[in-house]
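Report on one structure; see the data block that follows.
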Amino acid sequence: GQVDMECDMMVLGAGPGGYSAAFRSADLGLNTVLVEKYSTLGGVCLNVGCIPSKALLHVAAVIDETSHMEALGVSFAKPTIDIDKLRGYKESVIKKMTTGLAGMAKARKVNIVQGVGQFLSPYHIEVTAADGTKKVVQFKQAIIAAGSSVVNLPFVPADPRIVDSTGALELRQVPKRMLVIGGGIIGLEMATVYSTLGARIDVVEMMDGLMQGADRDMVKVWQKFNEKRFDNIMLKTKTVGVEALPEGIKVTFAAAVEGETAPAPQLYDLVLVAVGRSPNGKKIAADKAGVAVTDRGFINVDKQMRTNVPHIFAIGDLVGQPMLAHKAVHEAHVAAEAAAGEKAYFDASVIPSVAYTDPEVAWVGVTEDEAKAKGLKVEKGLFPWMASGRAVANGRDEGFTKLIFDAETKRIVGGGIVGTHAGDMIGEIALAIEMGADAVDIGKTIHPHPTLGESIGMAAEVYKGVCT
Ligand code: FAD
């Protein structure tokens, strides 16, 4: 067949995985084509994920902070919110970042081909632009970074009052009563934004706790602090019906555990469905390239991010959990380096998770609950922020910092922080784990006083105090 373009490396998808892979490939001397269906780079994370959510969460945090100030003797007037201007701010943040990425692609001579890519063979992909024009790109190697999409509930009708995370980030309205279906990180971050802007919120979650994956003691602190933020948190509850009525969205529930009673049906002005994301593996004609895709749409890879077809790599949300941007970026670098002939492997021991709620909840490596479930012998050092001068001075001492050590080697294997700025601090614990640090290493590292980060050193000191 006809070939319109040739390249050393074709990257499919321009999310954090794809653009990182393309940039690294180009830096390593590979002539690189980046295929993306949208007109901007950055994928889900930059356009409808990590970054816009943080722009809105920043504004929510400032509003919340002013309300906490009353107890400290300073009162502000109730804020007036110009929702169009706020949306404009969020959009300007995205614009700055996508423009920056476009500049970086240009500087590296990465060739961007806009359109939907579908493999034709192990060495060809067809890209269909919005106007229907098609281009065939021939490549020597490829990195698939096509990401993931939101999961929809089959019984949910189309209605402007029912949104997914993308719709919620559009911030078209602040409803009076809102339901968040799914008590994971994305749902709770959006709940934080909307409740601060004035919505009354219910959360419904099928499991018996919010923020699955985080230790329950951390979630407890978060939940206590947020008691007033929510009208109702319905755990172990399934959403079984969603009906768009003129007077509101009627939602029906069922108990997830047999024999328990379900909450009564409720009417909402806005319903956010945040029940997870599914990989896009089945949408790219991977079979034409000979690349195996699992039933659920994931692509399996080895430690070099190679698929079953050795010159085709895959990275990011598409290759498995956790579906996080920082994982995608690191996998991207490994794939590009391996493709360029370097001995690169994905060898991270741990990948941190953060809920950018108020307070933030961050964790990395082995959690206490996981250790218990798996019978791992661990010990912990826990430093309550009530004893942190800085946290007390900030008027925010509800949190704690917890380090998890292997009981035998005394090396750190995990950690969790709940409190303001937890996400900014969890990287230190990840570094300590990667470096094989023990409690003495961490405790004897001089942290500046008074900082919240000091609580990490203190947690190690607490542990040493117990065990020596
Ligand atoms: P994606 O970002 O999904 O990018 C894939 C790209 O491929 C897209 O641009 C898509 O248009 C393109 N594409 C797909 N198929 C084709 C095709 N056939 N042809 C052409 N182009 C195609 N993660 C964090 O780490 N921190 C956070 O704070 C965070 N917050 C989030 C908040 C929300 C609301 C959401 C939804 C997600 C959040 N995430 C966060 C997750 C994060 O966005 C993803 O893990 C990350 O974007 C995955 O990167 P990726 O490169 O694998 O894929």
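Every read-out reported here was derived from the displayed coordinates using simple, explicitly stated rules and does not represent laboratory data. Keep in mind the model is a prediction, meaning the values are calculated, not measured. Backbone-built Cβ (ideal geometry, glycine too); neighbour counts: all protein chains shown.
Would you pull out the residues with amide H under 5 Å of ALA344's amide H, same chain only if 5 or more places away, H placed 1.01 Å from N?
For ALA344, whose amide H was placed from the backbone, the distant partners under 5 Å are ALA338.
Under the rule of -39500 (n - 2.57) per DSSP H run of 4 or more residues, summed and divided by the residues of the chain, what mean residue ellipticity at 222 nm is obtained, to the nearest 500 deg cm²/dmol? List each step's numbers first, then the result.
Details: 13 runs with 150 residues, N = 468.
Computed mean residue ellipticity for the chain: -10000 deg cm²/dmol.
To the nearest 20 debye, what is the magnitude of the charge dipole of segment 177-312 about its Cα centre, counting +1 on the Cβ of each Lys and Arg and -1 on the Cβ of each Asp and Glu? Working shown, then result.
Values: 17 positive and 16 negative charges, 96 e Å.
So the dipole magnitude of segment 177-312 works out to roughly 460 debye.
Step through the residues of segment 94-108 one at a time and calculate ³J(HN,Hα) from phi using the Karplus curve (6.51 cos²θ - 1.76 cosθ + 1.60, θ = phi - 60°), rounding each to whole Hz and writing x for Gly and Pro.
4, 4, 4, 6, 5, 5, x, 5, 4, x, 5, 5, 5, 4, 8
Taking the number of other C-beta atoms within 10 Å as the exposure measure, put LYS380, LYS54 in order starting with the fewest.
Details: LYS380 19, LYS54 16.
Least to most surrounded, the residues fall as LYS54, LYS380.
With charges only on Cβ, +1 for K and R and -1 for D and E, what is the dipole size of the chain about its Cα centre, in debye, rounded to 20?
Numbers: 48 positive and 54 negative charges, 140 e Å.
It comes to approximately 680 debye.
Note down the Stokes-Einstein diffusion coefficient of segment 225-303 in µm²/s, whole number, using a Kirkwood radius over alpha carbon pairs, 20 °C, and 1.002 mPa s. Spell out each step's value before the answer.
Numbers: Rh = 16.5 Å.
The Stokes-Einstein estimate is 130 µm²/s.
Would you kindly calculate the mean projected area, averaged across all directions, of the convex hull enclosing the Cα atoms of the chain, in square nanometres?
Details: hull surface 100.8 nm².
Result: 25.2 nm².
For segment 372-381, just list the computed ³J(HN,Hα) in residue order, Karplus coefficients 6.51, -1.76 and 1.60, θ = phi - 60°, integers in Hz, with x standing in for Gly and Pro.
4, 4, 9, x, 6, 8, 10, 10, 10, x
Amide H of ARG277: which non-local residues (sequence gap of 5 or more, or other chain) have their own amide H closer than 5 Å, using H built in the peptide plane?
Excluding prolines and chain starts, which carry no amide H, the hits are VAL151.
HN-Hα J couplings of segment 220-228 from phi, Karplus 6.51/-1.76/1.60, θ = phi - 60°, integer Hz, Gly and Pro as x?
Each residue of segment 220-228 in turn: 4, 4, 4, 5, 5, 5, 9, 3, 7 Hz.
For segment 1-152, what is the per residue volume of the convex hull drawn over the alpha-carbon atoms, in cubic angstrom? Walk me through the numbers before you get to the answer.
Values: hull volume 23.4 nm³, N = 152.
Once divided by residue count, the hull of segment 1-152 is 154 Å³.
Mind checking the full-extension length gain between ALA373 and THR80? Use 0.36 nm per residue of separation minus the Cα-Cα distance, one decimal, nm. Walk me through the numbers on the way to the answer.
Values: separation 293, 0.36 × 293 = 105.48 nm, distance 4.77 nm.
Gain on stretching ALA373 to THR80: 100.7 nm.
Would you mind ranking ILE233, ILE404 by Cβ crowding within 10 Å, fewest neighbours first? Provide the component values of the computation, followed by the final result.
Numbers: ILE233 20, ILE404 29.
Sorted ascending by nearby Cβ count, the order is ILE233, ILE404.
Report D for segment 264-418 in µm² per second (integer): Stokes-Einstein, Kirkwood Rh on Cα pairs, 37 °C, 0.692 mPa s. Don't jump to the answer; show the numbers that get you there.
Working: Rh = 19.0 Å.
Diffusion coefficient, whole number: 173 µm²/s.
Cβ neighbours within 10 Å, averaged per peptide: list 258-266, 272-280 in order, most packed at the top.
On the way: 258-266: 10.8, 272-280: 21.0.
Top to bottom by mean Cβ count within 10 Å: 272-280, 258-266.
Please get the size of the charge dipole for segment 87-211, origin at its Cα centre, with Cβ charges of +1 on Lys and Arg and -1 on Asp and Glu, quoted in debye to the nearest 20. Kindly include the intermediate steps, with their values, before the conclusion.
Values: 15 positive and 10 negative charges, 148 e Å.
The calculated dipole for segment 87-211 is roughly 720 debye.
Of TRP385, LEU120, THR133, which is farthest towards the positive pole of the chain's charge dipole, taken about the Cα centre with +1 and -1 on the beta-carbons of Lys, Arg and Asp, Glu respectively?
THR133
Given segment 352-448, report the % of alpha carbon pairs whose separation exceeds 22 Å. Walk me through the numbers before you get to the answer.
On the way: 1231 of 4656 pairs.
Everything past 22 Å amounts to 26 percent.
Given H placed on each backbone N at 1.01 Å, which residues far from ARG200 in sequence or on other chains put an amide H within less than 5 Å of it?
Answer set, sorted by chain and number: ARG177, MET178.
Given the peptides 440-451, 335-346, 11-22, arrange them by the average over their residues of other C-beta atoms within 10 Å, most packed first.
Details: 440-451: 14.5, 335-346: 19.0, 11-22: 31.2.
Per-residue Cβ counts within 10 Å, averaged per peptide and sorted highest first, yield 11-22, 335-346, 440-451.
Find out how many positive minus negative residues lie around ILE433, taking Lys and Arg as positive, Asp and Glu as negative, among other residues whose Cβ is under 12 Å from that of ILE433.
On the way: positive: ARG411; negative: ASP406, GLU428, GLU434, ASP438, ASP441.
The answer is -4.
Take the Cα radius of gyration of segment 65-159 and divide it by 2.2 N^0.38 Å, with N its residue count; two decimals is plenty.
Numbers: Rg = 22.8 Å, N = 95, 2.2 N^0.38 = 12.4 Å.
The reported ratio for this selection is 1.84.
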